Every structure is written in C-alpha cells, then in structure tokens.
Amino acid sequence: MSVADEKTVVRDYFNSTGFDRWRRIYGDGQVNKVQLDIRQGHQQTVDQVLEWLKADGNLPGLSICDAGCGVGSLSIPLAEAGAIVYGSDISEKMVAEAYHRAKDRLSLIQKLSFTAQDLETLQGRYHTVICLDVLIHYPQDQIPEMISHLCSLAESRVILSFAPKTLALTILKKVGELFPGPSKTTRAYQHREADIVKIFSDNGFSIQRQTMIGTSFYYSRLIEAIRS
Ligand code: SAM
C-alpha cells in the first residue's frame, strides 16, 4: 500500500469505528475487560510522560507538540501543568473530541490548541515533541520519515512510544484484535527498538530515558531522545 493510501485508511478508521472505540477506551465510562486493561495501560504511559516532564522542573511555559494527540489524554494534563501545548491529529473527529474535553476548562484556553493535521505536515519548532501510540499504525518502511520529521520539529527532545517487536506474535495478534473494523484493514505494526534508536541517532538524537509499559493487552516501549 502506498504511504498516502495507508494514511487514508488510518484517518478513515479514526474518523469512524476507530473513533467510537478509542473515545470509549480513553474515557471513563463502562467498557469491556480488554478495553479496561488497555485504558489502564495507556494511562500508565500518559502518567509516565507526565512524571518525567514534571521531574525536570521546567514544564511551565515549555512548548510541546503532541503529534497524534487523540482525544487529548496527554495534551490536557500537560496544559494543566503549565505547558503550552499544540495538539494535532490526523482525525478530525479525535481533535473535535479533544477540544470538547478541554473546552470547559477556561484556564486552558491560552495554553492549548488542537488542529486536524497529519504529523508529517506539521511545521514550526517546539521544545519537546511527543508522539504516543501512533507508530503502531504504520509499517516499518514509513517510520524513518515520520521520526525524522518529528526530530526536525524538536529543539530539544522527542518522546515517543511504540509496540516493540521482541514480544511474542500472540501478543501482536491480541493487539491486532483491537482493530476489528469491517474491512480489518487497520493493522497493528510492531517495531524493532534498535531500528528506532538508529533513526534517532541518524537525526542527531540519543536516548535519555526509557521504560516498558505492559498490561495484559497493552504493550508500549516509551523512549525519550535528546538532541545531542
Ligand atoms: N497519542 C494519543 C494518546 O496516546 O492518547 C492517541 C493514540 S491513538 C492509539 C492513535 C492516534 O494517532 C489516533 O488519534 C490517530 O488518529 C492518530 N494518527 C494516526 N496516524 C497519524 C498521523 N499520520 N498523523 C497524526 N495523527 C495520526
């Protein structure tokens, strides 16, 4: 599939069945056991990023690009902690939901903006660029271009998460079952950590902090890369 076709599939998914599914998972309403497990795993990823950034002690006023922001699960608490957050997502529906979740919090208006945009068309410079649980939707051959572009936007650091390839295929299958759209065309791709580290290195970044987050159905390698 061409890059453009792949993106169209992902965008259509997150504007239709994927939107309904992920809005529920990333919410606080009732969900099934698998979805609850994924919700909790994803929350651990969000909490870990917040912990890292708060520990640095310079979050207020820091410019942050949250590429593929979904419903704002990270963007909103980051803005609440004082960062200036530019959230964007390829899906108009996800962005609209993020805006809806943020809009009643008046204190956020100055600190938070949401745009419907593919991450590869993003421009500007941000102190920190974050991209959580997005790469899972793209095959390996598209990853170098995506990460290189994220690096080009980052003055200082990139934080991203991906599903590591070292895990058993059975887990890949479980993750794959999270995307049961009518055509089953939206797949889950795992990525080799060594490949990701090499792409960062090629772009002048080195790994600073990293951790693994795993529940029964959610697996995510979280890494922070600093411009060297
Ligand atoms: N990062 C968010 C979080 O962790 O809460 C959302 C994660 S969700 C699994 C993946 C998100 O990536 C979806 O909202 C989807 O629309 C978005 N996405 C997929 N491909 C994208 C792209 N090329 N550019 C921007 N967003 C993209």
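Structure summary
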item: Those residues of the stretch 98-145 which are on the phi < 0 side of the Ramachandran plot, part of a loop (DSSP other than H, G, I, E, B) and under 14 Å from the mean Cα position of the chain (by Cα), in sequence order; result: GLN117, ASP118, LEU132, VAL134, TYR138
item: Near pairs, Cβ below 6 angstrom, 6+ apart or cross-chain, from the stretch 1-18 (over 15 Å from GLN140 (Cα atoms)) to any residue that is more than 8 Å from the ligand (Cβ to nearest atom) and part of a helix (DSSP H, G or I); result: ASN15/LYS93
item: Residues satisfying the stated conditions in the stretch 199-216, i.e. more than 17 Å from the chain's Cα centre (by Cα) and either assigned to a loop (DSSP other than H, G, I, E, B) or over 16 Å from ARG227 (Cβ atoms) (or both); result: ASN203, GLY204, THR215, SER216
item: Counted residues, the stretch 1-57 - those being aromatic (Phe, Trp, Tyr) and farther than 23 Å from ILE159 by Cβ; result: 2
item: From the options ALA98, ALA79, residue that is within 11 Å of the ligand (Cβ to nearest atom) and over 19 Å from LEU135 (Cα atoms); result: ALA98
item: Residue satisfying condition, being hydroxyl-bearing (Ser, Thr, Tyr) and near the ligand (Cβ under 9 Å from one of its atoms), within set TYR26, TYR86; result: TYR26
item: Flag if LYS103 is more than 8 Å from the ligand (Cβ to nearest atom), touching a helix residue (DSSP H, G or I) at 6+ places or on another chain (Cβ under 8 Å) and more than 23 Å from ASP47 (Cβ to Cβ); result: no
item: Filtered residues of the stretch 24-33 (kept if assigned to a helix (DSSP H, G or I) and either surrounded by 18 or more Cβ atoms within 10 Å (Cβ to Cβ) or modelled with pLDDT under 95 (or both)); result: ILE25
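Residue-wise test of (1) without any contact (Cβ under 8 Å) to a residue 40 or more places away in the chain; (2) under 24 Å from GLY214 (Cβ atoms).
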position: VAL31; (1), (2): yes, yes
position: VAL46; (1), (2): no, yes
position: CYS65; (1), (2): no, no
position: ASP89; (1), (2): no, no
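The values are calculated or read from the model by the stated rules, or taken from the named source; none is laboratory data. Just so it is clear, the model here is predicted, and its values are computed rather than measured. Positions of Cβ are generated from backbone atoms using ideal geometry, with glycine treated the same way; all protein chains shown enter the neighbour counts.
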